[in-house]
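Below is one structure; the comments refer to it alone.
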Amino acid sequence: MARALVLAAVFTCAACGLVYELALVALGSYLVGNSVTQASVVLSVMVFAMGVGSLAAKPLQGRPVVAFAVIEGLLALAGGLSVLVLYAAYAWLNLYVPALVVVAFAVGALIGAEIPLLMTLLQRIRRQDAGSAVADLFAADYVGALIGGLAFPFLLLPTFGHIRGALLVGVVNAVAGIAVVLWLFRRQLGRAARVALCGGMAAVLAVLGWTYALADGFEVSARQALYAAPIALAERTPYQEIVITRKVSLSGGTSDLRLFLNGDLQFSSVDEYRYHESLVHPLMAGPRGRVLILGGGDGLALREVLRYRDVRDVTLVELDPAMIRLARTYGPIASLNGHAFDDPRVRTVAADAFSWLRRGTGKFDAVVVDMPDPDDVSTAKLYSVEFYGLVKRVLAPGGRVVVQSGSPYFAPRSFWSIRKSIAAAGYATAPYHVDVPSFGDWGYVLAAPGGAPPPVRLSPDAGDLRFVDTPLLQAATVFPKDLRRDDAEINTLVHPRLVEYQKDEWKYS
């Protein structure tokens, strides 16, 4: 029974340890982007630190009960508070990466120190040959890691969120690591040691519980520190963090409503019409009976498409159903998009655009690709040669596509890589760019399969637009030499160049 309880503690501590790792990776992906880099940094630092911790624990094997209880208390604090500390370092100190390395090393070293001490405790209960003891220990450890790995995305993150989820796991870690071992080996400890360790566990639980109670207020304050304007709405979904800010000018009374996804600006209500008119109307100068919008869950590109009465139906494919819900029901955004989702011609699909295109449902005369910037592998695949090949499969004869392509001024290699990738998928391309004050100089690529590049112009049915006109579009197709990058390479699924370009050019511009 004693061995079973120790192995249960191994199981629980392993589950907690993996949750700490996944929490650090997920937090970095939300705050910084580039999930591959975040996972590589966290896992490599933690694995290295685990080796250091294992070596550092060798002198502690003479008093394994006390040492293990102390290490578990420290691990519960370090792991439980890790997300909160890193969020604070990102929001107020601008020291996220150094803090991440320090926290990952500390948590990894404490996890690494567990194994040799647990092995000593198992052997104190009943002597066993080394091979069998290692097999038992690692079997419990790996099964615990499986449970922790599944619990984090499916239970902890959606139910408790990042900060509270880590704190709750810290509490479980403290109870499993300290209480169980103290109870099993209480006769091997003096009275003073038992009192000290019980007091230490109570202090750890008190700190974690107090922090848990204050977590909501901390998260609100830290989130607000990241944005210049007051936050009107914040929602964490399984896919992203949605933040809407709203600032009212005291002089003119104008309201600036801004949408951020994972911290990246998606639009400002002051000038979003420039972006969306430039994106949609050159495309609509061609065939437009059936229109497909990939992304654009805010409904602003949809608003521009619906200006044309001869559009028979529009399908909008958006990954996050919460974004569609907000665009349909949240008053300020619904008003901004003209309640476009209420139009009977509109059909919405909550799905990953790449997977949805692979099913190849229907043919469309015009396709709008309005995706977030490709600063992560998950978004870079939506700008790959393979993705544009899937788009071509759903284009009707004579159909055309337009792709928002980032800034040719701030990220020229990224912009021209997108154009080259579209061309590599068999399109003739016509790049153009306009000024959107909240974004800067912003670019698009209009494309059609084969033949000559499609003309960048307006349809006679476009009506009166606030920004786009024929002279502007004529100027928009001209790129000065200093904005052209011939060294850009195409972006594919197996070689995602855009993540590298975005990091080099956009993030540090």
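Report the convex hull volume per residue for segment 271-506, counting only C-alpha atoms, in Å³.
116 Å³
Suppose only helical runs count, i.e. DSSP H with n ≥ 4. What mean residue ellipticity at 222 nm does that imply for the chain under -39500 (n - 2.57) per run, divided by all residues and rounded to the nearest 500 deg cm²/dmol? Intermediate results must be reported in sequence, preceding the final value.
Numbers: 18 runs with 261 residues, N = 509.
So the helix-based figure for the chain works out to -16500 deg cm²/dmol.
Once R0 is set to 30 Å, what does the formula 1/(1 + (r/R0)^6) return for the Cβ-Cβ distance between HIS339 and SER459, expressed as a FRET efficiency to the nearest 0.05?
Details: r = 24 Å, r/R0 = 0.78.
Computed FRET efficiency for HIS339 and SER459 comes out at 0.80.
DSSP beta bridges in the chain, what fraction antiparallel, as a percent rounded to 5?
On the way: 30 of 50 bridges.
Roughly 60 percent of the beta bridges in the chain run antiparallel, per DSSP.
Take peptides 394-400, 279-285, 409-415 and line them up by average Cβ neighbours within 10 Å, highest first, as a rough protection proxy.
Working: 394-400: 17.9, 279-285: 25.7, 409-415: 24.1.
With the highest mean Cβ count within 10 Å placed first, the list reads 279-285, 409-415, 394-400.
Between ARG309 and ARG236, what's the calculated FRET efficiency when r is the beta-carbon distance and R0 is 56 Å? Round to 0.05.
Values: r = 39 Å, r/R0 = 0.70.
About 0.90, to the nearest 0.05.
Take CYS198, CYS13 and order them by how many other Cβ atoms sit within 10 Å, fewest up front. Before the final figure, lay out the partial values.
Values: CYS198 15, CYS13 28.
In order of increasing Cβ crowding within 10 Å: CYS198, CYS13.
What's the whole-number percent of alpha carbon pairs in the chain lying beyond 36 angstrom? Could you put the intermediate results ahead of the total?
Numbers: 54490 of 129286 pairs.
Summing the P(r) tail past 36 Å for the chain gives 42 percent.
What translational diffusion coefficient, in µm²/s and rounded to a whole number, does the Stokes-Einstein relation yield for segment 181-331 at 10 °C and a viscosity of 1.306 mPa s, taking the hydrodynamic radius as the Kirkwood radius over Cα pairs?
Working: Rh = 19.9 Å.
The Stokes-Einstein estimate is 80 µm²/s.
If amide H atoms are built 1.01 Å from N in the plane of the peptide, which residues on other chains or at least 5 residues away come under 5 Å of the amide H of ALA232?
Distant-sequence amide H within range of ALA232: ILE244, THR245, ARG246.
Which percent of Cα-Cα pairs in segment 134-176 sits in each 10 Å bin, short to long?
The calculated distribution, bin by bin, is 27, 47, 22, 4.
What's the local net charge at ALA228, with K and R +1, D and E -1, over the other residues with C-beta under 15 Å away? Please report the intermediate quantities before stating the final value.
Values: positive: ARG223, ARG246, LYS247, ARG258; negative: ASP256, ASP264.
Result for the local shell: +2.
Residue separation times 0.36 nm, minus the C-alpha to C-alpha distance between ARG191 and GLN474: what's the value? Working shown, then result.
Details: separation 283, 0.36 × 283 = 101.88 nm, distance 8.55 nm.
Contour length minus Cα-Cα distance gives 93.3 nm.
At R0 = 22 Å, how high is the FRET efficiency between ASP256 and VAL220 if r is their beta carbon distance? Nearest 0.05 is fine.
Values: r = 21 Å, r/R0 = 0.94.
Computed FRET efficiency for ASP256 and VAL220 comes out at 0.60.
For the residue pair GLN128 and VAL377, what label-to-label distance in nm results when each label sits 7 Å from Cα along the Cα-to-beta-carbon direction?
Output for this residue pair reads 3.7 nm.
Considering only DSSP states other than H, G, I, E and B, which trypsin sites (Lys or Arg not before Pro) in segment 83-167 qualify as loop sites with at most 15 other Cβ atoms within 10 Å?
Values: sites: ARG124, ARG126, ARG127, ARG164; in loops: ARG126, ARG127.
Passing both the DSSP loop test and the Cβ count: ARG126, ARG127.
Applying the Karplus parametrisation 6.51 cos²θ - 1.76 cosθ + 1.60 with θ = phi - 60° to the phi angles of segment 159-174, what ³J(HN,Hα) value in whole Hz is obtained for each residue in order, glycine and proline being reported as x?
8, 10, x, 5, 5, 5, x, 5, 5, 5, 5, x, 5, 4, 4, 5
Using modelled backbone amide H atoms (1.01 Å from N, in-plane), which distant-in-sequence or interchain residues come within less than 5 Å of VAL367's amide H?
For VAL367, the qualifying residues are LEU292, ARG400, VAL401, VAL402.
Normalised by the residues of the chain, what does the relative contact order come to in percent, with Cα pairs under 8 Å and at least six apart? Write down the numbers at each step before the final one.
Values: 892 pairs, mean separation 64.4, N = 509.
Reported as a whole number, the value is 13 percent.
With Cβ to Cβ distances under 11 Å as the rule, what net charge do the other residues near PRO449 carry (K, R +1; D, E -1)?
Numbers: positive: LYS392, ARG393, ARG400; negative: none.
It works out to a net charge of +3.
Treat each spin label as a single point 7 Å out from the Cα along the C-beta direction, and report the LEU93 to ARG358 distance in nm.
Each label point lies 7 Å from its Cα, and together they span 4.2 nm.
Could you go through segment 70-85 in sequence order and give the Karplus-derived ³J(HN,Hα) for each residue, using 6.51 cos²θ - 1.76 cosθ + 1.60 with θ = phi - 60°, rounded to whole Hz, and x for Gly and Pro?
5, 5, 5, x, 5, 5, 4, 5, 5, x, x, 8, 4, 5, 4, 4
Using the Kirkwood formula on the Cα atoms of segment 1-89, what hydrodynamic radius do you get, in angstrom to one decimal?
Numbers: mean 1/r = 0.0682 Å⁻¹.
Kirkwood hydrodynamic radius for segment 1-89: 14.7 Å.
Using only the alpha-carbon atoms of segment 132-250, report the extent along each of the three principal axes, biggest first, to the nearest angstrom.
Sorted from largest, the Cα extents of segment 132-250 read 71, 35, 17 Å.
Can you work out ³J(HN,Hα) from phi for every residue in segment 274-281, in order, using Karplus 6.51 cos²θ - 1.76 cosθ + 1.60 and θ = phi - 60°, giving whole Hz and x for Gly and Pro?
Residue by residue, segment 274-281 yields 4, 5, 6, 5, 5, 6, 8, 5 Hz.
Quick note: the coordinates plus some simple rules give every number you see, no bench work behind them. For clarity, every value in this text was computed on a predicted model and none was experimentally measured. Ideal geometry is used to build each Cβ from the backbone, glycine not excepted, and the neighbour counts take in all protein chains shown.
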